[in-house]
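A.B. asks: After the structure tokens below, expect a handful of questions from me.
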Amino acid sequence: MIDSTSRTLREVLMVKRVRYGVIILLSFLALSLIVVFFSPFQYDQISYNVHYPPLSPSSVNWPYIMGTDNLGRDVFTRTFYAYILDTGCGLAIVSLSGLIGLIIGLISGYLGGLVDLVLMRIMDIVISIPGFMLAIAIAAVLGSSIVNAVISVVIVTVPIYARLVRGMVLSVKESLFVLAAKEAGLSTVRIIVKHVLPQVTPIFITQLTMELSNAIIYIAALSFIGLGAQEPVPEWGLMISTARRYVREAWWPAVLPGLVMFLTVLSFNLIGDGLRDYLDPRKKLSVRETS
Amino acid sequence: MARNILQYVFYRLLQSILSVFGAVVIVFILSRVLPGNPAAAILGPKATPENIARVTREWGLDKSYLEQFIVYFSRLIRGDLGDSYIMGYNVSRLIAERLPASLELVVFAFALSLVIGVTLGALAARKHDTKLDLALTSLSVMGFSFPTLLLGVILLILFGVNLGLPVGGRLDARFTVKTYTGLMLIDTLLNGNINAFIDAFMRIIPPALTLAIPLSGLLVKLTRNSVLEVMNQDYVRTAKMKKLPEKVIMYKHVMRNALIPIVTIAGLYFAVLVTGDVVVETIFAWPGLGRLVWEAVTLRDYMVIQGSVLLVSIIYITVNLIVDTLYVYIDPRIRG
């Protein structure tokens with residue numbers, strides 16, 4: 001068991017894209033941990049003596065590696081605190097909406113009939129509204145906070161998984177081993193958990209990885225327009241939103257967090273893309289919503 | 001066969017109507033779960049007892065939810081999205097004023113990404129498995145992963161600060177242009193004001209590029225794969241054996257067929273552009289629908305948010321319907 005897992009892992013890492021993605025992922029994670037435990041600055045530590053103009057990223061301004069923002073806060077510290085917050089939110093979003101979508105998809109696909117009809121029509125309606133717009137409407141009702149932003153993105157993204165899982169369940173449902181299990185008198189729950197779920201898992205996990213980058217973009221965009229994190233929380237979208245106001249004087253508080261966000265999104269796209277090719281070499285096109 | 005198409009289109013039409021109705025229901029439910037008194041939430045901080053009484057009467061807020069929905073729906077059908085007490089206008093009018101600016105930006109960006117994406121994608125396919133192909137494919141993945149947020153800020157700095165070009169808004173305040181179509185590029189030309197046209201053109205480039213680059217990345221990938229697939233077809237091989245010039249094969253045999261899936265998939269993404277628009281319009285102070293949404297969020301003007309979400313949803317559903325219908329006409333294999 002462990003042998004086959006480590007072999008799969010080795011094989012997946014052989015895919016170049018996955019390897020590059022994992023390298024970015026691990027180095028950013030390491031930088032974040034270094035920042036959290038060893039940074040000489042707090043993420044909200046304002047220093048008035050370098051208030052304005054902000055310090056630029058240069059060796060003269062050591063230890064401000066990425067310079068400071070308009071309040072003299074260390075951009076490097078804030079950017080990598082934000083790495084933990086944003087990827088954390090992304091992980092929370094995909095695991096929550098993935099779980100809810102998985103359950104809905106399994107029930108809908110396996111039971112069929114009226115349950116399937118009702119659940120899927122609801123999913124159709126949710127998916128027919130542009131995701132970001134719906135997230136804005138929900139977040140605006142719930143009120144501006146990062147938790148509410150996460151909730152609204154979860155609601156918007158559930159149908160993606162529900163539909164995916166339902167489709168796969170439908171194709172597995174009629175296969176011989178499931179029919180055999182049914183003949184053998186196994187309970188519905190047991191058949192779903194023991195026989196259907198394992199068939200669905202690989203593609204499902206790939207989809208989760210791909211959606212992780214979308215979730216991060218959603219959270220940053222919601223925070224950017226004022227519906228997510230609030231000052232002084234270090235969050236990429238919020239940092240860019242604040243820094244763009246004085247971008248003519250100082251580019252780094254806006255561009256550097258943005259670059260780290262870009263590389264983070266890229267790393268998850270690379271891993272997801274590579275995983276998908278590894279699992280299904282026929283399907284190489286990728287079509288996703290970006291915002 | 002023709003009946004099948006009609007049936008399919010009819011089915012999709014019904015589905016779209018259902019989706020629009022569903023969107024209306026969702027937005028209605030959201031507006032009624034607003035914390036506190038919905039009338040007070042509609043009115044915002046300027047709420048007075050008289051106004052609360054008036055809004056309650058206007059929307060039937062003291063009646064049952066079903067009756068409230070009927071009031072809401074019947075107003076909606078007449079194109080009335082309600083009044084924004086915070087911005088002080090009718091929401092339908094606010095949106096109608098802003099829509100042309102967004103439309104212009106999105107159409108421009110869409111055209112731009114089609115040109116960039118299809119050209120580079122076809123190039124990558126023709127030179128497949130060379131260094132150029134690898135470079136283009138990698139660039140497309142990068143472009144696709146580029147967050148609009150970062151791209152917008154970088155282009156703002158590049159065009160506004162480094163190149164010193166006019167950035168932000170649609171037109172410099174020193175130009176006065178009479179409105180004919182609401183589309184600035186056309187209006188300035190109709191006014192015969194070349195300087196204004198140049199100014200408007202330079203201002204639309206950075207936000208349009210911000211929207212276009214990620215979409216181009218996707219299109220490069222799609223075009224490359226689609227062209228490669230067609231290039232392996234028998235009729236292309238036959239054309240090659242007939243020693244037709246490569247250019248003729250590329251344009252007459254390959255591109256024409258390869259473009260079918262691209263155009264339709266790109267059509268779907270047209271609607272996605274409308275969404276990405278909120279961030280871009282905020283960064284470039286582009287006075288369109290996206291900027292309106294941002295202003296409404298900042299002012300906590302729920303009526304405007306609700307109206308915009310509804311309108312964008314309807315546009316989105318309609319575009320999807322049109323694209324699907326076109327698809328059936330172009331590609332007979334879909335008519336199942």
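A.B. asks: Considering only residues that are more than 11 Å from chain B (Cβ to nearest Cβ) and more than 20 Å from the chain's Cα centre (by Cα), look in the stretch A:231-244 and name the one that is nearest to B:P147 (Cα to Cα). Step through it out loud before you land on a result.
C.D. replies: Looking only at the stretch A:231-244, we keep the residues that are more than 11 Å from chain B (Cβ to nearest Cβ), and these are A:231-235, A:242.
This time we only want the ones that are more than 20 Å from the chain's Cα centre (by Cα), so: A:231-232, A:242.
On the way: A:E231: 21, A:P232: 22, A:T242: 17 Å.
Restricting to residues being more than 11 Å from chain B (Cβ to nearest Cβ) and more than 20 Å from the chain's Cα centre (by Cα), the top hit is A:T242.
A.B. asks: Sticking with this structure for a sec: Can you tell me which of (1) more than 21 Å from the chain's Cα centre (by Cα); (2) surrounded by 24 or more Cβ atoms within 10 Å (Cβ to Cβ); (3) at the interface with chain B (Cβ under 9 Å from one of its Cβ atoms) is the one A:P253 doesn't meet?
C.D. replies: All conditions pass for A:P253, except number (3).
A.B. asks: Given the criterion over 28 Å from B:V278 (Cα atoms) and among the hydroxyl-bearing types (S, T, Y), identify the matching residue among B:T148, B:T130, B:T176. Don't jump to the end; show me each part of the working.
C.D. replies: Working: B:T148 fails: over 28 Å from B:V278 (Cα atoms); B:T176 fails: over 28 Å from B:V278 (Cα atoms).
Answer to the selection: B:T130.
A.B. asks: So A:Q230 clears everything in (1) in a loop (DSSP other than H, G, I, E, B); (2) crowded, with 20+ Cβ neighbours inside 10 Å except one condition, right? Which one?
C.D. replies: All conditions are met except number (2).
A.B. asks: Looking at A:F28, A:F37, which is the one that is closer than 30 Å to A:V75 by Cα, without any contact (Cβ under 8 Å) to a residue 12 or more places away in the chain and either touching a strand residue (DSSP E or B) at 6+ places or on another chain (Cβ under 7 Å) or part of a helix (DSSP H, G or I) (or both)?
C.D. replies: Answer to the check: A:F37.
A.B. asks: Among the residues of the stretch B:160-177, what is the count of those that are buried (at least 21 other Cβ atoms within 10 Å of the Cβ) and within 12 Å of chain A (Cβ to nearest Cβ)?
C.D. replies: 1
A.B. asks: Tally time: how many residues in the stretch A:187-204 are under 12 Å from A:R166 (Cα atoms) and out of contact with any helix residue (DSSP H, G or I) (no Cβ under 9 Å at 6 or more places or on another chain)?
C.D. replies: Residues in the stretch A:187-204 being under 12 Å from A:R166 (Cα atoms) and out of contact with any helix residue (DSSP H, G or I) (no Cβ under 9 Å at 6 or more places or on another chain): 0 in total.
A.B. asks: For the stretch A:57-86, give me each residue that is assigned to a helix (DSSP H, G or I) and either modelled with pLDDT under 80 or at positive phi (or both). Break it down into steps so the answer makes sense when it comes.
C.D. replies: The first filter runs over the stretch A:57-86 and keeps only residues assigned to a helix (DSSP H, G or I), leaving A:59-61, A:75-86.
Residues satisfying the conditions are A:S59, A:V60, A:N61.
A.B. asks: To continue, here is another question. Consider the stretch B:53-96. How many of its residues are more than 17 Å from B:F28 (Cα to Cα), among the hydroxyl-bearing types (S, T, Y) and at pLDDT 80 or above?
C.D. replies: Total satisfying the criteria: 1.
A.B. asks: So, in the stretch A:117-148, of the ones that are more than 8 Å from chain B (Cβ to nearest Cβ) and under 13 Å from A:S97 (Cβ atoms), which residue ends up surrounded by the most Cβ atoms within 10 Å (Cβ to Cβ)?
C.D. replies: Step by step, filter the stretch A:117-148, then rank; the result is A:A135.
A.B. asks: Would you confirm, using the coordinates I've provided, whether B:V107 is surrounded by 19 or more Cβ atoms within 10 Å (Cβ to Cβ), under 21 Å from B:L292 (Cβ atoms) and at pLDDT 85 or above? Before you say what the answer is, go through the steps one by one.
C.D. replies: Values: surrounded by 19 or more Cβ atoms within 10 Å (Cβ to Cβ): no; under 21 Å from B:L292 (Cβ atoms): yes; at pLDDT 85 or above: yes.
So B:V107 does not fit the description; no.
A.B. asks: With respect to the numbered conditions (1) more than 14 Å from every other protein chain (Cβ to nearest Cβ); (2) surrounded by 16 or more Cβ atoms within 10 Å (Cβ to Cβ); (3) assigned to a loop (DSSP other than H, G, I, E, B); (4) not polar (S, T, N, Q), which one is the sole condition not fulfilled by B:D62?
C.D. replies: With respect to (1) more than 14 Å from every other protein chain (Cβ to nearest Cβ); (2) surrounded by 16 or more Cβ atoms within 10 Å (Cβ to Cβ); (3) assigned to a loop (DSSP other than H, G, I, E, B); (4) not polar (S, T, N, Q), B:D62 is out only on (2).
A.B. asks: For A:D124, which of the numbered conditions (1) closer than 30 Å to B:G307 by Cα; (2) modelled with pLDDT of 90 or more fails to hold?
C.D. replies: Unmet condition: (2).
A.B. asks: Counting only residues that are more than 21 Å from A:L208 (Cβ to Cβ) and facing chain B (nearest Cβ under 7 Å), how many does the stretch A:256-266 have?
C.D. replies: Here is the first cut: in the stretch A:256-266, the ones more than 21 Å from A:L208 (Cβ to Cβ) are A:256-260.
Next, only the ones that are facing chain B (nearest Cβ under 7 Å) stay: A:258-259.
Residues meeting the conditions: 2.
A.B. asks: Report yes if A:G67 is over 25 Å from the mean Cα position of the chain (by Cα) and free of Cβ contacts under 8 Å to residues at least 60 places away in the same chain, otherwise no. Please lay out each step first, then the result.
C.D. replies: Numbers: over 25 Å from the mean Cα position of the chain (by Cα): yes; free of Cβ contacts under 8 Å to residues at least 60 places away in the same chain: no.
Answer is no for this residue.
A.B. asks: Let me ask something additional. Within the stretch B:282-325, how many residues are surrounded by fewer than 21 Cβ atoms within 10 Å (Cβ to Cβ), more than 18 Å from the chain's Cα centre (by Cα) and assigned to a helix (DSSP H, G or I)?
C.D. replies: 4
The values are calculated or read from the model by the stated rules, or taken from the named source; none is laboratory data. None of the values given here were measured: they were computed from a predicted structure. Note: ideal-geometry Cβ built from the backbone for every residue, glycine included; neighbour counts use all protein chains shown.
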